[in-house]
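*Asks:* My questions will all concern the structure given below.
The values are calculated or read from the model by the stated rules, or taken from the named source; none is laboratory data. Every value quoted in this text rests on a predicted model; they were computed, and no experiment measured them. With ideal geometry, Cβ positions are generated from the backbone for all residues, glycine too; neighbour counts draw on all protein chains shown. Side chains are part of the model used for accessible areas, which takes the heavy atoms of the whole protein and leaves out ligands, DNA and RNA. Shrake-Rupley method; radii C 1.70, N 1.55, O 1.52, S 1.80 Å.
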Amino acid sequence: METPDLTTKAGRKAWRHDMRMVAVRPRRAGMILLAVGIGTMLLPLAGVHDVGGWSPRVLGLVPVVLSIPFLIAARILRGRWKRARLGSGQKV
């Protein structure tokens, strides 16, 4: 991998595109779980106060907590990719 040319507009655009394409699946899975959890937590605002005997707020915590490892993994993968791409000299 060569160091990106961030002095040109095209180089910066290519860099942003490359960064967006790193760790797409874990980031997407984390965001979907987070959205489902928050949506479940908002059910009492729509008048749903009981889902199978459980509070929607408690049920919403499960996907929110499950989303955290996915989002952390995506962040770590993006950081490693960035260090390797910029050639900081650190072993990845």
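*Asks:* Report, in degrees rounded to the nearest 10, the 0 to 90 angle that the Cα long axis of helix 9-20 makes with the longest principal axis of the chain.
*Replies:* Around 40 degrees separate the two axes.
*Asks:* Run the helix sum for the chain: -39,500 (n - 2.57) per DSSP H stretch of 4+ residues, divided by residue count, reported at 222 nm to the nearest 500 deg cm²/dmol.
*Replies:* My calculation for the chain gives -23000 deg cm²/dmol from helical runs alone.
*Asks:* Another question, then. Send over a whole-number figure in Å² for the accessible area per residue of the chain, probe 1.4 Å.
*Replies:* Working: 6760 Å² over 92 residues.
For the chain, the per-residue accessible area is 73 Å².
*Asks:* Enumerate the calculated ³J(HN,Hα) couplings along the stretch 43-54 in order (Karplus 6.51 cos²θ - 1.76 cosθ + 1.60, θ = phi - 60°), each rounded to whole Hz, writing x wherever the residue is Gly or Pro.
*Replies:* Listing the rounded values in order: 4, x, 5, 8, x, 9, 10, 8, 10, x, x, 10 Hz.
*Asks:* Set the Förster distance to 35 Å, then compute FRET efficiency between Lys9 and Val64 from the Cβ-Cβ distance, nearest 0.05.
*Replies:* For R0 = 35 Å, the calculated efficiency reads 0.35.
*Asks:* Taking every pair of alpha-carbon atoms in the chain, give the share separated by more than 16 Å as a whole percent. Please report the intermediate quantities before stating the final value.
*Replies:* On the way: 2703 of 4186 pairs.
Beyond 16 Å sits 65 percent of the P(r) for the chain.
*Asks:* In the stretch 1-78, what percent of the accessible surface is made up of carbon and sulfur (1.4 Å probe, ligands and nucleic acids excluded)?
*Replies:* C and S atoms contribute 69 percent here.
*Asks:* Can you work out the Karplus-derived ³J(HN,Hα) for every residue in the stretch 72-81? Use 6.51 cos²θ - 1.76 cosθ + 1.60 with θ = phi - 60°, whole Hz, and x for glycine or proline.
*Replies:* Ordered by residue, 3J(HN,Hα) equals 5, 4, 4, 5, 5, 4, 5, x, 5, 4 Hz.
*Asks:* Next question, about the same structure. Compute the acute angle (0 to 90°) between the alpha-carbon long axis of helix 24-41 and the principal axis of greatest extent of the alpha-carbon atoms of the chain; round to the nearest 10°.
*Replies:* Taking the Cα atoms of the chain, the angle to 24-41 is about 20 degrees.
*Asks:* Okay, moving on. What FRET efficiency comes out for Arg75 versus Ile38 if R0 is 25 angstrom and r is the Cβ-Cβ distance? Round to the nearest 0.05.
*Replies:* E(calc), rounded to 0.05, equals 0.80.
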